[in-house]
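The block underneath contains the structure these notes are about, expressed in structure tokens.
The values are calculated or read from the model by the stated rules, or taken from the named source; none is laboratory data. A quick note: this is a predicted structure, and the numbers were derived from the prediction, not measured. Using ideal geometry, Cβ is built from the backbone for each residue, glycine included, and neighbour counts are taken over all protein chains shown. Keep in mind that these areas ignore ligands, DNA and RNA; they rest on the heavy atoms of the full protein, side chains included. Shrake-Rupley method; radii C 1.70, N 1.55, O 1.52, S 1.80 Å.
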Amino acid sequence: HPSPEMWFQDLFPPSVCPINANVNNFYGIMFDAGSTGTRIHIYTFVQKNPEQPPELEGEIFESVKPGLSAYVDQPEKGAETVRGLLEMAKGAVPPSYWKETPVVLKATAGLRLLPAPKAQALLSEVREVFEESPFLVPNNSVSIMDGSSEGVLAWITVNFLTGQLYGQNQQTVGTLDLGGASTQITFLPRSEETLEQTPVDFVTSFEMFNSTYKLYTHSYLGFGLKAARLATLGALEMEAADGQMFRSSCLPKRLEAEWHFAGVRYQYGGNRKAGETGFEPCYSEVLKVVQGKLHQPDEIRRNSFYAFSYYYDRAVDTNLIDYEKGGVLEVRDFERKAKEVCDNLDRYTSASPFLCMDLSYITALLKEGFGFGDNTLLQLTKKVNNVETSWALGATFHLLQSLGLSR
Ligand SMILES: O=c1[nH]cnc2c1ncn2[C@@H]1O[C@H](COP(=O)(O)OP(=O)(O)O)[C@@H](O)[C@H]1O
Ligand SMILES: [Ca+2]
């Protein structure tokens, strides 16, 4: 029969029952305002040992499309999408923890590309939504993150989740993130030479869990998958793309359609003349977007990388990997698939007319942009131990550290 101290259990809902709530539990809420969608990550941590990093108990994840930048002229409506996701957090965090649970939103390339006053209007509407919520709203809780943090924080997430940030024999892995509007590459250089040959603004030092790391990291704005589509079509720099038709040999010949990105409407279509579709002409189009524009560190040819976001999505779309399990690919697998899809456009493009362009761009970005070898291994991963591989977890560790909630 129950011990005398347990008599109060029935008076409380289980989640707030003092005997069930672990005194060492705490929560963190991180919003990722990406160029194609807004996502909420609600993390539960437990600090079992003050000498060690907090343990991550679990994550609740939800997302909405489109991203905040699509509400460029309706900032209040944009903020409503954040309010909806925050409602969910009320169900996920026990009410007695609301006051001490921080909520933060960081925006990436979509907002970086908007005119500053428009981006600020969106952010200030979101700030109001946060202020009206019962959660802890730290200073600067709604902001645009700089690109170098984005790469570093994703690197922290992946290396934390794979157990490389604590204990002996740390073998960190590099990370490749391909977003809609920007892309990041991050790794821990092993040779002095790499650091010597690297531009200073590609190196970031930081401390995490009592170690100091000096990382190679860079975010290329305008080199995300969707921005690259516009660049390939020659439409990226256009202020008023309305009315103009953009054509490409990467698209099915007879296609004519329209597409909305970051609040702008684009019309696009295939090359109508004979002979001008397929992998070869397409590859030379996408090559122009990347060639000579990215820094190529020699060392990456000898490392393996974790790749996620659109690398993962396009590999799933073409059956290179399983949606649930992910998998290991070589760079050349993307090229093989690009050829297969681009040279058989009519067969493949029912799902997305951009499949050939996307795969060709990924191939060009990896090979001619970053300088990866054909046989470099890419570990395609969406989740590790049921947690999303995203910069959001790294950002939450940083947040907890700055609030003194964790070491
Ligand atoms: O936490 C996540 N879980 C799953 N997919 C994510 C997550 N964060 C980003 N993505 C993926 O990122 C890609 C879109 O990039 P995003 O909208 O973040 O653009 P940006 O990074 O250029 O701002 C999509 O492939 C989307 O599936
Ligand atoms: Ca992103």
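For segment 373-407, give me each residue that is small (G, A, S) and either in contact with a Ser or Thr (Cβ under 7 Å, 6 or more places away or on another chain) or more than 19 Å from P138 (Cα to Cα) (or both).
The answer is G373, S390, G394.
Does segment 355-372 hold any residues that are in contact with a Gly (Cβ under 9 Å, 6 or more places away or on another chain) and surrounded by fewer than 24 Cβ atoms within 10 Å (Cβ to Cβ), and which are they?
Passing the criteria: K367, E368.
Whether any residue in segment 26-45 is open to solvent by 60 Å² or more (accessible area, probe 1.4 Å), more than 15 Å from ligand 2 (Cβ to nearest atom) and modelled with pLDDT under 95 is what I want to check.
No, because not a single residue in segment 26-45 is open to solvent by 60 Å² or more (accessible area, probe 1.4 Å), more than 15 Å from ligand 2 (Cβ to nearest atom) and modelled with pLDDT under 95.
Which is open to solvent by 60 Å² or more (accessible area, probe 1.4 Å), among the aliphatic types (A, V, I, L, M) and more than 16 Å from ligand 2 (Cβ to nearest atom), of V173, V200, V286, V264? Talk me through it step by step, then tell me what you get.
On the way: V173 fails: open to solvent by 60 Å² or more (accessible area, probe 1.4 Å); V286 fails: open to solvent by 60 Å² or more (accessible area, probe 1.4 Å); V264 fails: open to solvent by 60 Å² or more (accessible area, probe 1.4 Å).
Of V173, V200, V286, V264, the one residue that is open to solvent by 60 Å² or more (accessible area, probe 1.4 Å), among the aliphatic types (A, V, I, L, M) and more than 16 Å from ligand 2 (Cβ to nearest atom) is V200.
What number of residues within segment 265-297 satisfy the criterion of being of a type outside the set (A, V, I, L, M) and part of a loop (DSSP other than H, G, I, E, B)?
If we filter segment 265-297 for residues that are of a type outside the set (A, V, I, L, M), which is where we start, we get 265-273, 275-285, 288, 291-293, 295-297.
Those left that are additionally part of a loop (DSSP other than H, G, I, E, B): 271-273, 275-278, 291-293, 295-297.
Total satisfying the criteria: 13.
Which of the residues spanning segment 362-407 are within 21 Å of I42 (Cβ to Cβ), in contact with a Phe, Trp or Tyr (Cβ under 6 Å, 6 or more places away or on another chain) and outside any loop (DSSP other than H, G, I, E, B)?
Once the filter is applied, which keeps residues that are within 21 Å of I42 (Cβ to Cβ), in contact with a Phe, Trp or Tyr (Cβ under 6 Å, 6 or more places away or on another chain) and outside any loop (DSSP other than H, G, I, E, B), segment 362-407 yields E388, T396.
For R302, only one of the following conditions fails: (1) within 27 Å of the chain's Cα centre (by Cα); (2) at pLDDT below 90; (3) within 15 Å of C342 (Cα to Cα). What is its number?
Of the numbered conditions (1) within 27 Å of the chain's Cα centre (by Cα); (2) at pLDDT below 90; (3) within 15 Å of C342 (Cα to Cα), the odd one out for R302 is (3).
Which numbered condition trips up S141, out of (1) open to solvent by less than 20 Å² (accessible area, probe 1.4 Å); (2) free of Cβ contacts under 8 Å to residues at least 60 places away in the same chain; (3) within 16 Å of ligand 2 (Cβ to nearest atom)?
It is condition (3) that S141 fails.
How about segment 361-384: which of its residues are more than 15 Å from V173 (Cβ to Cβ) and away from ligand 2 (no atom under 16 Å from the Cβ)?
Once the filter is applied, which keeps residues that are more than 15 Å from V173 (Cβ to Cβ) and away from ligand 2 (no atom under 16 Å from the Cβ), segment 361-384 yields Y361, T363, A364, L366, K367, E368, G369, F370, G371, G373, D374, N375.
Select from segment 298-316 the residues that are within 16 Å of ligand 2 (Cβ to nearest atom) and in a helix (DSSP H, G or I) and list them in ascending order.
Passing the criteria: Y310, Y311, Y312, D313, R314.
Is it the case that A121 is at pLDDT 95 or above, over 17 Å from G28 (Cα atoms) and surrounded by fewer than 18 Cβ atoms within 10 Å (Cβ to Cβ)?
No; evaluated as a whole, the condition is false for this residue.
Being in a strand (DSSP E or B) and β-branched (V, I, T) is the filter; apply it to segment 151-194 and report the residue that is nearest to ligand 1 (Cβ to nearest atom). Working first, answer last.
Applying the first criterion (in a strand (DSSP E or B)) to segment 151-194 yields 174-178, 182-187.
Still in the running and β-branched (V, I, T): 175, 183, 185-186.
Numbers: T175: 13, T183: 7, I185: 13, T186: 14 Å.
Restricting to residues being in a strand (DSSP E or B) and β-branched (V, I, T), the top hit is T183.
Just to be sure, is F246 in contact with a Gly (Cβ under 7 Å, 6 or more places away or on another chain) and closer than 30 Å to V72 by Cβ?
So F246 fits the description; yes.
Taking only segment 323-354 into account, find how many residues are part of a helix (DSSP H, G or I), modelled with pLDDT of 95 or more and open to solvent by 10 Å² or more (accessible area, probe 1.4 Å).
7
Of the residues R127, R190, R112, which is outside the structural domain of L378 (by TED's automatic domain parsing) and farther than 18 Å from E76 by Cα?
R112
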